[in-house]
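As structure tokens, the structure follows; a few thoughts come after it.
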């Protein structure tokens, strides 16, 4: 089995072209691939479509997240569950660009977003859900009554690249997550054509990981990079 370890984050994102669709896990803390995002900022790809739970924490959180790409003008569209901050004084970079017509947004309920991503990884062509029926989100979508209840048809969300953060990996890309890394990371790893992973703790030899600890199999992973000591780490509360 081939070794999927890359020497640097810059090397891992070097071939991401303009106009790519990327998936970025959107929960704060140890699930955010901050080093890959920073490398993509340096790389310069633009015209991106981003699929994420939310479009970044906003100007009051100076840590690198999807909002950094949006603020830099690299993202033309965001597909997410939250387009606005909980308070007007905390408006995100995306919210400002969206309101001024400089960026597109597609609002997707969180459960539907997760299922659309999972469907892409599982090879499901489409699915029916009651979420959104009777709202603006259902406009233009196919409706169907099943067992007396109305549903709308939703389609999978695929990506060219998924930017993932994991706790541990082996050289083939079998991944172990911890804490909020197990929210969107596992399904996004399956839904992209190329999956890039930044690894917190260590990259171990193939066969050294307990099979019970493998949360994403290496068949879904293409490139892994260990976060170096001078990389972007999370607060001590998230680490051993």
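Derivation of every value follows stated rules applied to the coordinates shown; laboratory data play no part. Treat the numbers as computed from the prediction; the structure is a model and nothing was measured. Positions of Cβ are backbone-derived with ideal geometry, glycine not excepted, and every protein chain shown enters the neighbour counts.
Structure values in brief
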| item | result |
| --- | --- |
| Range of Cα positions in the chain per principal axis (Å), largest first | 53, 42, 35 |
| Helical contribution to [θ] at 222 nm, DSSP H n ≥ 4, -39,500 (n - 2.57), averaged over the chain, rounded to 500 | -5000 deg cm²/dmol |
| Between 0 and 90°, nearest 10: helix 110-122 axis offset from the chain longest Cα axis | 60 degrees |
| Cα-based Rg of segment 1-53 normalised by 2.2 N^0.38 Å, two decimals | 1.21 |
| Protection proxy ranking, peptides 99-109, 222-232, average beta carbon neighbours within 10 Å, highest first | 222-232, 99-109 |
| Residues residue 11 and residue 104, FRET efficiency given R0 of 25 Å [Cβ-Cβ distance, rounded to 0.05] | 0.25 |
| Contact order relative to length of the chain, as percent, for alpha carbon pairs under 8 angstrom and 6 or more apart | 23 percent |
| Linear extension gain, residue 202 paired with residue 62, 0.36 nm per residue minus alpha-carbon span | 47.8 nm |
| Pairwise FRET efficiency - residue 144 versus residue 193, Cβ, R0 = 35 Å, nearest 0.05 | 0.70 |
| Protection proxy ranking of 198-205, 91-98, 50-57 - average other beta-carbon atoms within 10 Å, highest first | 50-57, 91-98, 198-205 |
| Burial order of peptide ranges 211-220, 168-177, 7-16, 66-75 (average beta-carbon count within 10 Å, highest first) | 168-177, 66-75, 7-16, 211-220 |
| Separation between Cα centres of segment 178-192 and segment 203-236, rounded to whole Å | 13 Å |
| Helix 34-43 vs. the chain, principal-axis angle (Cα, 0 to 90°, nearest 10) | 90 degrees |
